[in-house]
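Q: Okay, here's the structure, questions in a sec.
The values are calculated or read from the model by the stated rules, or taken from the named source; none is laboratory data. Predicted model only: the values in this text are computed from it and were never measured. Here Cβ is always computed from backbone atoms with ideal geometry, including for glycine, and neighbour counts include all displayed protein chains. Note: areas computed on protein heavy atoms with side chains; ligands, DNA, RNA excluded. Shrake-Rupley method; radii C 1.70, N 1.55, O 1.52, S 1.80 Å.
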Amino acid sequence: MKKVSIKTRNIIHRTALAVVVVASVFLLAVIMIMLLQYRQIKRTEPLNLPALSGLRGQYINDERGSEQLKEQIRQLDLLSRRAWFTGEDQLHSGGFLIIGGMIVMLAMLQVAASTRPYPNTPPGGGASTDRLAARTRVGIAIGGSAVLLLAVVTVFLVKPFALPVAKAASVKKTAPDAQLTETPVATEEFNRNWPFFRGPYTIGVAPDYKLPVGWDGKTGKGILWKSEIPLPGYNSPVVWGNRIFVSGGNKQIREMYCFNAADGKLLWRHAADNIPGSPAVPPEVTEDTGYAAPTMATDGKRVFAVFATGDLVCADMDGKRLWAVNLGVPKNHYGYSSSPVIVDGRLIVQFFDENRQLLIALNTVTGKPEWSADRKTSISWSSPSVINVAGRKLIVTITCDAVETFDAAAGNPVWQLNCMGGEVGTSAAYSEGRILVANDNACAAAISAAAGRLLWKTNELTLPDVSSPVAFENAMYIFSSSGTASCVDAATGKKLWEKELGSGFYSSPLLVSGRIIVFNMEGNAFIIKPDREKYTQEAVCALGEKVVATPALVNGKLYIRTDKFLYCIGDKTE
Amino acid sequence: MNRLRKLPAGLIMFFAAMPLLTAQNRFPKPEFTSGYKAPPLSSLPSAATQLERSVLPVTPYLEYAALGMLLIFLLLSCYFLYRKRSRRGIFAMVLASVAFFGFLIGGCICAVGSIQNVAAAVFNQNFPISPVVLGIFMLPLFFALFAGRVFCGSVCPLGTIQDLVIFYPLKVPPLLDRILRILPLFYLGAGVLFAATGISFLICRFDPFVGFYRMTGPFFMLSAGTLLLLLGMFVARPYCRYLCPYGVLLSWLSKLSSRRVSVTPDECIRCRLCEDVCPVDAIMPPSPPEDEREPMRKSLHRIILLLLLLPMTAAASGVTGYFLGNQISLLHPKVVLCRQVCAELAAGDRPQTDESLAFRSAGTPVAELQREVGGVVSNIRLGSCILGVFLALAIMARLFNFSKRREQQDYQVDRSICVCCGRCYSVCPRDKRNRITLKEGE
């Protein structure tokens, strides 16, 4: 290769440096523009422009759905997207400009570097390597010690993550006795009957039956029969076929009763006695809870009752005992009140007292526990509900701290959301993927059933402490112990209306054929049209007796329990 | 003798690679019934998801091509470095590397990042690693064992982009230079710990130059890359010298290499021009005369003292590392998720993150997550303890290195530092190609 002279070499060197400077200025300018563009793109949300959102709001409020407005939204949306993507394209083009500029700059840098004046012998020379090594040793030792010190300081200053242990549910599983299990009763069978507290869906929604109206307890109009229940209890009736089951009890004896749905005749009664572990002296309970507050449960083959003593009895449909266990004597300052439900052949019992907070699944055939979840929370009087989320059955429980869900099959806790407080006696409602809860001294809240995410929470309502809410068409209806009926938007938590109805409500409302029926404590049944706009009362029927239980509705007949009697209300002609 | 010295290292590399080579995915691909066809699996995961239009789509074919090209580049670099002694040839390789390993395949997967794949595969049996990634990791190390850091000089896309911007390399004060050269040890340790325990691929996450090759990337990454390149104009190859974790492995193995860059093809005249031109300060001067050196006994005493300090230092560092593991575990995604979920449970109205929402939607019990987190924290503590011991040993080894007496006659390159760029060839006056003719008056 031809050698260049030093003079030529210097000229090339200076020219290359000048090009480097120009390229650098160019690059800086492009980078600055790109940074501004990048900032602009990052800040812009093309689909949420204020103007676009405003137009969308206008369109939603415009009931006629103006075509012109729609077209305007489309145009603005297109413009916004186009602007955003143009910005993206400009950024990409800027990238190529930078690459080009850098190639030029790098090439010229190489030229400049290779045409630098010839190297000279560096100054100094022959530096004492021993002295340098000594200084290096000191430097490395100091540096290493500094890093070690920094690590020690970090250990003491940065708080590590401590796993919370108190709230975690531990699930104990017991292998079911395969010999004694059977195919669970079909869901359709449950839905044709009234097997649990608040109906087959456990959320206060009745299958689409005719709701009897126009009856009067005082005159006997519409009362098909009325039968005395031997022992008191605040539980609600459950119905399977032509049999109605309730329980009753006092300090001396606790019993299950079976009535004939056709004429109200007591078919059989079964005493919950001779149960191993049952306390000789029953626990103290308050008068308004009693010894038989939990509603019974049935799967059409067996019937189950649990009492304030912790006794759980299973009998067949003819009153013959199949098995009985004592779950432990509940230490409960009001009395045990949670009602069991049946899911896929398992009896689910929310057994909460001051010492234990267990959700237990018992094999309905054997009575043996299949799993139990130890919640480590606080006492609650609520009953579990069962919902179906994406094909999976979840048990919803409300503790005094939280709303929780459990996998119905395995008992594993799915999620837990701490949003409750006070003493919780109400159970959950469910509608359109939302679990809705309301309890006095806590809140009303909606929670995403799939994710356990709090959707809203409000205290600006008169809330119930016994009566559970019911949901219908994006609204939650609640009836408080002070006699206030309220309607809340299930999507936002906004109070839609509130109405004073006199006497308070302990009985939970039922949604039947697009109507809500709820008994107040005076025994007046309010039949209300669910209406988001205003309180719309269609009828009030008086039973003439105090009612705290929740009615059951099967085949157009309403079964309601009072302190002493079981009523059947319906059309005599049917 | 040299061959015998390399034998243990070669055997270690071979046996370390065996389980990885025979490893297979434990689970087959899912069979879709909807007609959806799963895209081919790639061992270049981040590239597959992030490559922009300017980068070739990564296919298994391209992966093997990249591995083949790596081998060819390494062979050519050795040829230009040792046979031709050509700085121009090496510079051509630099350009080719930037074009192929940089812009064409997007700077990924590179040998530097492959450390993490290997670490993750070694410590986690469920982590798949392809032979290509393993090859990309092993090949440069294998070459370093015989020919020094040829990979750094003209093949590594991270090194070559820095090589291109070297304009006026200043001499970093020797003391500062030697202390800063400890940093890559920490980066290597942290990178391996993070990959092995599943925290993240730290080295890839903070790869400063991949953004240039893909013409996109986070602002931080591009800014860091720009700053390093600007710095690199005056402090040559700052990433290679003071950060690169793979350089640590290469420098260890290159110390065993039989071949080294020989500045002069002839007898050294001690002009020190090579010392002036070397961008990474790899030229070591000859040892001073015996009467100017410290006595052998003093050196020996110091080494004995260091040997006595070694167990204590390692123990202190290991214990500190163990406890520091608690803090390091805060960075693990599972711990982050668990903290978030637990905080949400404690305060019902706390805003959810996408991760916690996804976790809750999956229906996994929180207790299971907490159990997993317990295991994760234990693993990180153990790993962090090992890292502490490793760092203590590595730093003590440096101190040993600077404590022993060095015997050297001429200006020679330090094999562990030299990045084989060939610049010293171009200035050595004993090389006939560098002789210039001066015109009258110049």
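Q: Compute the orientation-averaged projected area for the stretch A:6-114 from the convex hull of its Cα atoms and round it to one decimal in nm².
A: Quarter of the Cα hull surface area: 7.9 nm².
Q: Another one. Taking both sides together, what accessible area is buried at the A/B interface, probe 1.4 Å, expressed in Å² and rounded to the nearest 100?
A: 5900
Q: For a Förster distance of 56 Å, can you work out the FRET efficiency between the beta-carbons of B:Ile269 and A:Ala491, rounded to the nearest 0.05?
A: For B:Ile269 and A:Ala491, the calculated efficiency is 0.05.
Q: Indicate the gyration tensor shape class of the stretch A:324-446 (rounded, prolate or oblate), computed on the Cα atoms with a ≥ b ≥ c the square roots of the eigenvalues: a/c under 1.5 is rounded; otherwise a/b larger than b/c is prolate and the rest oblate.
A: Details: a/c = 1.94, a/b = 1.12, b/c = 1.74.
It is oblate, given that a/c is not under 1.5 and a/b is not larger than b/c.
Q: Which cross-chain or sequence-distant (5 or more) residues have an amide H under 5 Å from the amide H of A:Asp531, H modelled 1.01 Å from N in plane?
A: HN-HN under 5 Å from A:Asp531: A:Thr536.
Q: If contacts are Cα pairs under 8 angstrom and at least 6 residues apart, what is the relative contact order of the stretch A:6-114 in percent?
A: Working: 62 pairs, mean separation 61.7, N = 109.
Relative contact order comes out at 57 percent.
Q: Rounding to the nearest 10 and keeping the result within 0 to 90°, find how far the Cα-based axis of helix A:129-157 lies from the longest principal axis of chain A.
A: 20
Q: Just to verify a number: FRET efficiency for A:Arg116 and A:Val21, C-beta to C-beta distance, R0 = 22 Å, to 0.05?
A: My answer for the efficiency is 0.85.
Q: Something else now. By how many nm would the segment from B:Met296 to B:Ala316 lengthen if fully extended, with 0.36 nm per residue of separation less the alpha-carbon distance?
A: Residue separation times 0.36 nm, minus the Cα-Cα distance, leaves 4.2 nm.
Q: A further question on this structure: Check which residues have an amide H placed less than 5 Å from A:Leu496's amide H, if you skip close sequence neighbours.
A: Amide H neighbours of A:Leu496, under 5 Å, 5+ apart: A:Cys487, A:Val488, A:Asp489.
Q: So for the pair B:Leu331, A:Lys320, with labels modelled 7 Å out along Cα→Cβ, what separation do we get in nm?
A: With each label placed 7 Å out from Cα toward Cβ, I get 7.0 nm.
Q: Which pairs break 26 Å Cα to Cα here: A:Lys320/A:Lys564; A:Lys331/A:Lys546; A:Lys42/A:Lys494; A:Lys301/A:Lys368; A:Lys210/A:Lys529; A:Lys457/A:Lys557?
A: A:Lys331/A:Lys546; A:Lys42/A:Lys494; A:Lys457/A:Lys557
Q: Which angle from 0 to 90°, rounded to the nearest 10, does the C-alpha axis of helix A:67-114 make with the longest principal axis of chain A?
A: The angle comes out at about 30 degrees.
Q: What's the extension gain from A:Ile253 to A:Ile6 if we count 0.36 nm per residue and subtract their Cα-Cα distance?
A: Extending this stretch completely gives an extra 77.1 nm.
Q: I've got another one for you. Under 13 Å Cα-Cα from A:Lys393, which aspartates and glutamates qualify once same-chain neighbours fewer than 8 residues away are excluded?
A: Hits, sequence-local ones excluded: A:Asp344, A:Asp407.
Q: Report, by chain and number, residues whose modeled amide H sits under 5 Å from the one on A:Lys393, excluding near sequence neighbours (fewer than 5 apart, same chain).
A: Hits under the 5 Å cutoff: A:Ala408.
Q: What Rg and what Dmax come out for the stretch A:258-307 when only alpha-carbon atoms are used, in angstroms?
A: 13.7, 38
Q: Quick one: grab Rg to one decimal and Dmax as a whole number for the stretch B:70-118, Cα atoms only, in Å.
A: 12.3, 35
Q: What percentages make up the Cα-Cα pair-distance distribution of the stretch B:290-405 when the bins are 10 Å wide from 0?
A: Answer for the stretch B:290-405: a P(r) of 13, 27, 19, 15, 12, 8, 5, 1 percent.
Q: What number comes out for the charge environment of B:Phe219, summing +1 per Lys or Arg and -1 per Asp or Glu over other residues with Cβ under 13 Å away?
A: Numbers: positive: A:Arg39, A:Lys42; negative: none.
Computed value for this residue: +2.
Q: What is the distance in Å between the Cα centroid of the stretch A:192-229 and that of the stretch B:203-228?
A: Value for the Cα centre distance between the two parts: 71 Å.
Q: For the stretch B:80-146 and the stretch B:402-431, compute the distance between their C-alpha centroids and round to whole Å.
A: 24
Q: Summing +1 for each Lys or Arg and -1 for each Asp or Glu, what net charge is found among the other residues whose Cβ lies under 14 Å from the Cβ of A:Phe259?
A: Local charge sum for A:Phe259: +3.
Q: Next question. Given a Förster distance of 35 angstrom, what is the FRET efficiency for A:Thr86 paired with B:Asp354, based on the Cβ-Cβ distance and rounded to 0.05?
A: Here the calculated transfer efficiency is 0.75.
Q: Now a separate question. Show which aspartates and glutamates lie in cross-link reach of A:Lys572 when reach means a straight Cα distance below 16 angstrom and same-chain residues fewer than eight apart are skipped.
A: By straight Cα distance, A:Lys572 reaches A:Asp216, A:Asp263.
Q: Further, regarding this structure: Report, as a whole number in µm² per second, the diffusion coefficient that Stokes-Einstein gives for the stretch B:94-136 at 10 °C and 1.306 mPa s using the Kirkwood radius over alpha carbon pairs.
A: Values: Rh = 11.2 Å.
My calculation gives 142 µm²/s for D.
Q: Find out how many positive minus negative residues lie around A:Gly241, taking Lys and Arg as positive, Asp and Glu as negative, among other residues whose Cβ is under 13 Å from that of A:Gly241.
A: For residues surrounding A:Gly241, the net value is +1.
Q: Need one value for A:448-457: mean number of C-beta atoms belonging to other chains within 10 Å of its residues' C-beta atoms.
A: 5
Q: What is the projected area of the convex hull of the Cα atoms of the protein assembly as shown, averaged over all directions, in nm²? Before the final figure, lay out each step's value.
A: Numbers: hull surface 217.0 nm².
Answer in nm², one decimal: 54.2.
Q: With a 1.4 Å probe and all protein chains kept in place, how do A:Asp77, B:Asp266 rank by accessible area, largest first?
A: Values: A:Asp77 30, B:Asp266 85 Å².
Putting A:Asp77, B:Asp266 in descending order of accessible area: B:Asp266, A:Asp77.
Q: Sticking with this one: Taking only Cα atoms of the stretch A:170-569, what ratio of Rg to Rh do you get with Rh as the Kirkwood inverse-distance radius? Working shown, then result.
A: Details: Rg = 19.3 Å, Rh = 20.7 Å.
Taking Rh as the inverse mean 1/r over Cα pairs, Rg/Rh reads 0.94.
Q: Distance from the Cα centre of the stretch B:287-344 to that of the stretch A:362-412, in angstrom?
A: The two parts, judged by their Cα centres, are 51 Å apart.
Q: Further question on the same structure: Evaluate the distance, in nm, between pseudo-label points positioned 7 Å from the Cα of B:Leu382 and of B:Leu71 along their respective Cα→Cβ axes.
A: Placing both labels 7 Å beyond Cα along the Cβ direction yields 3.7 nm.
Q: OK, next. Over all residues in B:113-126, what is the mean tally of Cβ atoms on other chains that come within 10 Å of each residue's Cβ?
A: Mean number of neighbouring Cβ atoms from other chains: 0.
Q: What do you get for the angle between helix A:50-61 and the principal long axis of chain A? Use alpha-carbon atoms, 0 to 90 degrees, nearest ten.
A: Between the helix axis and the principal axis of chain A, the angle is about 20 degrees.
Q: By DSSP, what percent of the beta bridges with both residues in the protein assembly as shown are antiparallel, rounded to the nearest 5?
A: Roughly 100 percent of the DSSP beta bridges within the protein assembly as shown come out antiparallel.
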